[in-house]
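Data first, discussion second: the structure below is written as structure tokens.
The values are calculated or read from the model by the stated rules, or taken from the named source; none is laboratory data. Given the structure is predicted, the values throughout are model-derived calculations rather than measurements. Every residue, glycine as well, gets a Cβ built from its backbone with ideal geometry; the counts of neighbours run over all protein chains shown.
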């Protein structure tokens, strides 16, 4: 064993065999001016530390790969890329040790994304969402009759539904079928109760046969200018009215009393009187219905 004084001993080259301890107190310091020419490895895996919590290194420079089983830090700033060693071979956090917030000013590429809990996408109405994928589940609101799909001045262009659309109320300036003469408004067993039209109702073959004069409260059959409440045909034309048995009822004043009087066409013995037979019309206060 060789003992050196407390001063400085110069050795041109030094090789130390066996276990070696440098310094005999934590107040001793070791200054290495030279460059390491070999790896600096611990004597066993996962047993000693490089620095301590209260005596940490300032910066660690690694130009290749730093293999770190666990990183504990109040802030981790990366000036370059933070990549896994292999594709799809590493996780950023885990289920029971998840990151609190992840901020990305550019594009975040996620192969598969599952978001639990309440989620807000975008922090301003100027933000946009572009969905190229197809929905694989229903898109439902969180409560009934509380949120809208679009708004009055930000409406969707077209909504395509191949099955049934359940709409509580429809407000529209115009509803058109997809193509001419292909769609129905109701059907025989599910008919509309009342249809209100404030202007003209064009109904198939009836548009040339039936005319409603809303201004004068008149209806014309084969007449676009009805002159009475009900007009059949036009002036100076012959119109045919085919009914099984015709009976008219009207109300007239008889001795100051409104009395219902019935008229029906008759001929021969079917007429109550000869005068009625001559006129071709029978009249009575008894119903002919």
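The table that follows gives values for the structure above.
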item	result
Residue among 52, 47, 74 that alone is closer than 27 Å to residue 101 by Cβ, free of Cβ contacts under 8 Å to residues at least 12 places away in the same chain and part of a loop (DSSP other than H, G, I, E, B)	74
Criterion violated by residue 261 - all others in (1) under 23 Å from residue 280 (Cα atoms); (2) within 51 Å of the chain's Cα centre (by Cα) satisfied	(2)
Residue match in region 12-27 (condition: within 25 Å of residue 92 (Cα to Cα), modelled with pLDDT of 80 or more and exposed (fewer than 10 other Cβ atoms within 10 Å of the Cβ))	no
Any chance residue 163 is at pLDDT 85 or above and surrounded by 10 or more Cβ atoms within 10 Å (Cβ to Cβ)	no
Residue that is nearest to the chain's Cα centre (by Cα) [pool: residues in region 246-257 that are farther than 23 Å from residue 210 by Cα and assigned to a loop (DSSP other than H, G, I, E, B)]	256
Any hit, region 148-156, residues being assigned to a loop (DSSP other than H, G, I, E, B), modelled with pLDDT under 90 and within 30 Å of residue 197 (Cα to Cα)	yes
Qualifying residue in region 110-123 (condition: under 24 Å from the mean Cα position of the chain (by Cα), in a loop (DSSP other than H, G, I, E, B) and surrounded by 10 or more Cβ atoms within 10 Å (Cβ to Cβ))	no
Test for residue 225: is it surrounded by 10 or more Cβ atoms within 10 Å (Cβ to Cβ) and out of contact with any helix residue (DSSP H, G or I) (no Cβ under 8 Å at 6 or more places or on another chain)	yes
Some residue of region 210-227 being over 56 Å from the mean Cα position of the chain (by Cα) and on the phi < 0 side of the Ramachandran plot	no
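Each row is one residue, and each column tells you yes or no for (1) closer than 29 Å to residue 214 by Cβ; (2) loosely packed, with under 12 Cβ neighbours inside 10 Å.
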site: 229; (1), (2): yes, yes
site: 232; (1), (2): yes, no
site: 236; (1), (2): yes, yes
site: 239; (1), (2): yes, yes
site: 242; (1), (2): yes, yes
site: 262; (1), (2): no, no
site: 269; (1), (2): no, yes
site: 274; (1), (2): no, yes
site: 283; (1), (2): no, no
